[in-house]
Structures are given as C-alpha cells and as structure tokens.
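Reviewing the structure listed below.
The values are calculated or read from the model by the stated rules, or taken from the named source; none is laboratory data. If you're wondering where the values come from, they're calculated on a predicted model, not measured in any experiment. Cβ sites come from the backbone with ideal geometry, for glycine too, and all protein chains shown count toward neighbours. To get the accessible areas, we keep the full protein, side chains included, count just its heavy atoms, and leave off ligands, DNA and RNA. Shrake-Rupley method; radii C 1.70, N 1.55, O 1.52, S 1.80 Å.
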Amino acid sequence: MPWRLAALGIAVCLFASSCSIFISYEIVPASVEIRTAAIRYAQKYAELGAVYEWGGQDPLPRKIAVDCSGLVIRCYEYACGDYGASLLFKDTTAKGLRQYSSLIASPEEGDLIMMGDNNEISHVALFSRKEDGRLYFIDATSLTGMVSMRSSHENDPRFIEFRRMNVVRKK
C-alpha cells in the first residue's frame with residue numbers, strides 16, 4: 001500500500017490505483033477530555049488497590065501491579081480509546097515520556113509531573129490539582145507501595161517540569 005507523508009502526520013492511500021482517498025493523522029496535545037479521563041482512570045487504579053511494581057503495567061481489572069510510567073501509559077491508553085485518539089508509543093520510562101509530551105508552564109488536571117533528584121527525571125505522576133500551595137497528584141511509587149493520591153509543596157525540588165501528553169488523532 002503506498003504511503004504519503006502529510007504536513008503534520010501520515011496520509012494513507014487506501015486505493016493504490018487512484019490514491020484519491022486519504023486518511024490523515026496529526027499529533028496534538030491531549031485534549032482536556034482525554035486528560036480528565038486519564039486522571040479518572042488513575043483514580044480507578046487507586047480505588048482498586050493497585051500496588052507498585054517496577055516495570056508493571058497490568059491492565060484493568062485483574063490484580064493490578066504498575067510502576068509510575070506504566071500507570072500513566074495505561075491511563076492515557078484507556079482515555080485515548082474513549083475519545084478516538086491513540087498514543088505515539090506502547091511503552092517507555094518516566095524519562096522517556098519527555099519525547100512524547102510537550103513542556104508546559106502550569107499543569108492542568110491529567111498533565112504529567114516529571115520528578116527526580118538533581119534535575120534527572122526518574123518518576124512521573126498525573127497532576128490532579130493545586131490547593132493551598134500544594135500539588136496533588138496520583139502516582140505509583142515504592143514509597144507507598146501502591147497507586148495513591150499524594151501531595152507535596154509546590155516548591156518541592158523533586159518537581160522538575162510539567163508536561164502535556166501528545167496524542168495521535170484523525171484529521
């Protein structure tokens with residue numbers, strides 16, 4: 001099947017003989033609906049008692065064991081499916097998520113909080129809200145051994161940057 005590149009994505013030629021019908025895709029920041037759905041899925045993981053397991057990204061609804069990036073990936077995968085979008089990847093690390101997201105100044109619900117020490121990303125969480133100088137987020141961490149809502153002061157040096165997930169959708 002012939003492929004043609006579009007300006008912001010890929011156009012697929014469905015009929016090789018005429019190539020007159022194309023389906024094009026674009027890479028865009030996740031919409032508020034997708035981000036909100038992602039945080040709802042993270043809350044579901046917490047409600048179901050998901051435990052932390054390095055490298056884990058079990059799907060719902062079995063015994064759930066996920067790590068920080070596995071939680072983010074699964075939640076966004078489900079949220080994208082709800083709104084006709086998809087992720088640009090299947091698996092990556094917290095640090096690897098940088099290449100699939102865009103830097104933002106201030107997070108909104110469902111955005112990514114990149115964390116670590118000495119400006120080295122080693123953890124990712126889903127932002128929930130800011131309240132009384134604290135950032136609330138859902139993550140999977142060995143500190144608690146589970147998926148849970150946590151908070152830290154907004155000036156916590158472990159907060160490295162905020163990012164918005166990029167997704168693929170039909171044009």
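Just a few scattered comments:
- Test: residue in segment 140-158 that is in a helix (DSSP H, G or I) and either modelled with pLDDT of 95 or more or closer than 16 Å to residue 44 by Cα (or both): no
- Count of segment 1-60 residues, restricted to those that are open to solvent by 90 Å² or more (accessible area, probe 1.4 Å), assigned to a strand (DSSP E or B) and at pLDDT 80 or above, is 1.
- In this structure, residue 169 does satisfy being modelled with pLDDT under 95, of a type in the set (Lys, Arg) and either open to solvent by less than 70 Å² (accessible area, probe 1.4 Å) or part of a strand (DSSP E or B) (or both).
- Within segment 83-108, tally of residues that are part of a helix (DSSP H, G or I) and open to solvent by 80 Å² or more (accessible area, probe 1.4 Å): 3
- So residue 113, is it within 15 Å of residue 43 (Cα to Cα), in contact (Cβ under 8 Å) with a residue 12 or more places away in the chain and assigned to a strand (DSSP E or B): no
- Residue match in segment 61-84 (condition: among the hydrophobic types (A, V, I, L, M, F, W, C), at pLDDT below 95 and in contact with a helix residue (DSSP H, G or I) (Cβ under 8 Å, 6 or more places away or on another chain)): yes
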